[in-house]
Amino acid sequence: MAATVIDGKAFAVRIREKVAGHVARLKEEHGITPGLAVVLVGEDPASQVYVRSKGKQTAEVGMKSVEHKLDVDTAEADLLALIDQLNNDPEIHGILVQLPLPKHLDEDLVINAISPAKDVDGFHISNVGLLSTGQKSMVPCTPLGCLMMLRDHHGSLSGLNAVVIGRSNIVGKPMAQLLLGDSCTVTIAHSRTKDIADVVRRADIVIAAVGRPEMVPGDWIKPGATVIDVGINRIERDGKNKLVGDVDYASVSEVAGAITPVPGGVGPMTIACLLANTVTACARANGLSEPEGLTA
Ligand code: GUN
């Protein structure tokens with residue numbers, strides 16, 4: 001039987017509506033407008049598309065949106081000075097430095113210069129440590145979006161076998177921590193994993209986050225499993241440009257119980273969760289109760 005399609009686009013609309021409601025309340029009841037600053041260094045075309053989309057959606061939910069576009073050869077000291085300025089700006093509650101950065105900039109140094117309370121990407125080492133010890137933190141947006149969809153589909157995730165394919169700091173590792181936090185039995189598989197097909201076949205939940213087009217075939221999937229496809233890969237097929245995931249949708253959707261499509265699955269959830277994190281950061285910064293249903 002064909003899998004249920006988990007509609008990330010529709011889910012993201014609901015998250016944005018919730019965020020907009022919280023933003024309106026913060027404005028009316030407390031006179032506070034949540035503010036998000038996005039910093040883009042250089043002119044990477046994919047990053048420019050993301051940043052434009054983030055700016056548009058931030059404004060649409062009623063938040064203040066600030067963009068800083070810096071030259072590709074910006075000195076590290078100048079970028080750090082801008083981050084310091086944003087850290088100290090009371091109208092800014094979230095700061096995102098778009099990755100990847102040009103090669104001459106030290107990504108770890110830059111990310112760890114962001115105030116952890118304003119680190120809406122959840123990449124600062126303090127937030128990574130808080131998440132891994134089960135404490136309140138800022139949670140990386142893509143894994144947070146995946147978790148929300150999984151909770152919505154399954155209710156409880158307790159006791160389920162989850163296999164995360166990919167071990168990046170942005171998706172794989174925080175995803176594994178979140179699933180562990182929801183009492184899954186978690187395996188992280190990666191390029192050196194032996195007998196990866198057998199490992200994945202044991203999973204009730206598969207998260208594919210490797211960035212390799214269509215690498216997970218249907219015969220790796222346990223019948224009825226839930227498959228979350230984080231990949232967004234541009235390929236050329238039959239002379240046309242196409243977006244595909246890390247999962248071979250045609251064969252996997254024949255076996256899985258539920259699957260996220262590409263596009264229209266995880267992708268729209270990432271920006272929605274960035275907005276959710278910004279409103280959460282704003283509430284925390286002002287000592288107000290956290291918006292419900294928008295955090296892990
Ligand atoms: N580049 C690709 N994805 C992301 C993300 O989630 N956050 C940042 N800062 N940069 C990215």
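The values are calculated or read from the model by the stated rules, or taken from the named source; none is laboratory data. Just so we're clear, the structure is a prediction, and the values are computed from it rather than from any experiment. Virtual Cβ from ideal backbone geometry, glycine too; neighbours counted across all protein chains shown. For accessibility, only protein heavy atoms count, side chains too; no ligands or nucleic acids. Shrake-Rupley method; radii C 1.70, N 1.55, O 1.52, S 1.80 Å.
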| remark: ALA46: passes all of (1) open to solvent by less than 70 Å² (accessible area, probe 1.4 Å); (2) within 14 Å of the ligand (Cβ to nearest atom); (3) at pLDDT 95 or above but (3)
| said: Checking VAL128 against (1) part of a helix (DSSP H, G or I); (2) open to solvent by 40 Å² or more (accessible area, probe 1.4 Å); (3) free of Cβ contacts under 8 Å to residues at least 40 places away in the same chain, only one condition comes out false. Which one? | reply: (3)
| query | Checking LEU180 against (1) surrounded by 24 or more Cβ atoms within 10 Å (Cβ to Cβ); (2) within 26 Å of ASP204 (Cβ to Cβ), which test does it fail? | reply | (1)
| field | Selection status of GLY172, surrounded by fewer than 16 Cβ atoms within 10 Å (Cβ to Cβ) and under 20 Å from the mean Cα position of the chain (by Cα) | value | no
| So which residues in the stretch 106-125 are farther than 17 Å from LEU275 by Cα, open to solvent by less than 50 Å² (accessible area, probe 1.4 Å) and within 13 Å of the ligand (Cβ to nearest atom)? | VAL110, ILE111, ILE114, HIS124
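Kindly state which strands (runs of 3 or more DSSP E) lie completely within the stretch 21-100 and contain at least 1 residues that are touching a His at 6+ places or on another chain (Cβ under 8 Å) and within 29 Å of SER168 (Cα to Cα).
35-41
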| Would you pick out the residues in the stretch 148-166 that are assigned to a loop (DSSP other than H, G, I, E, B) and open to solvent by less than 10 Å² (accessible area, probe 1.4 Å)? | LEU157, GLY166
| Do any residues in the stretch 169-184 that are polar (S, T, N, Q) have Cβ atoms under 6 Å from those of residues that are assigned to a loop (DSSP other than H, G, I, E, B), where the two are at least six apart or on different chains, and which pairs are they? | SER183/SER158
| note | With the first residue restricted to the stretch 212-231 and required to be closer than 18 Å to GLY172 by Cβ, and the second required to be basic (Lys, Arg), Cβ contacts under 7 Å at 6 or more apart or on different chains are TRP220/ARG201
| note | Only unsatisfied item for VAL97, checking (1) away from the ligand (no atom under 14 Å from the Cβ); (2) in contact with a Leu (Cβ under 9 Å, 6 or more places away or on another chain), is (1)
| request: Kindly indicate whether LYS103 is of a type in the set (Lys, Arg) and over 25 Å from ILE205 (Cα atoms). | output: yes
| message | Going by what's in this entry, would GLU292 be described as open to solvent by 50 Å² or more (accessible area, probe 1.4 Å), free of Cβ contacts under 8 Å to residues at least 24 places away in the same chain, in a loop (DSSP other than H, G, I, E, B) and away from the ligand (no atom under 16 Å from the Cβ)? | response | yes
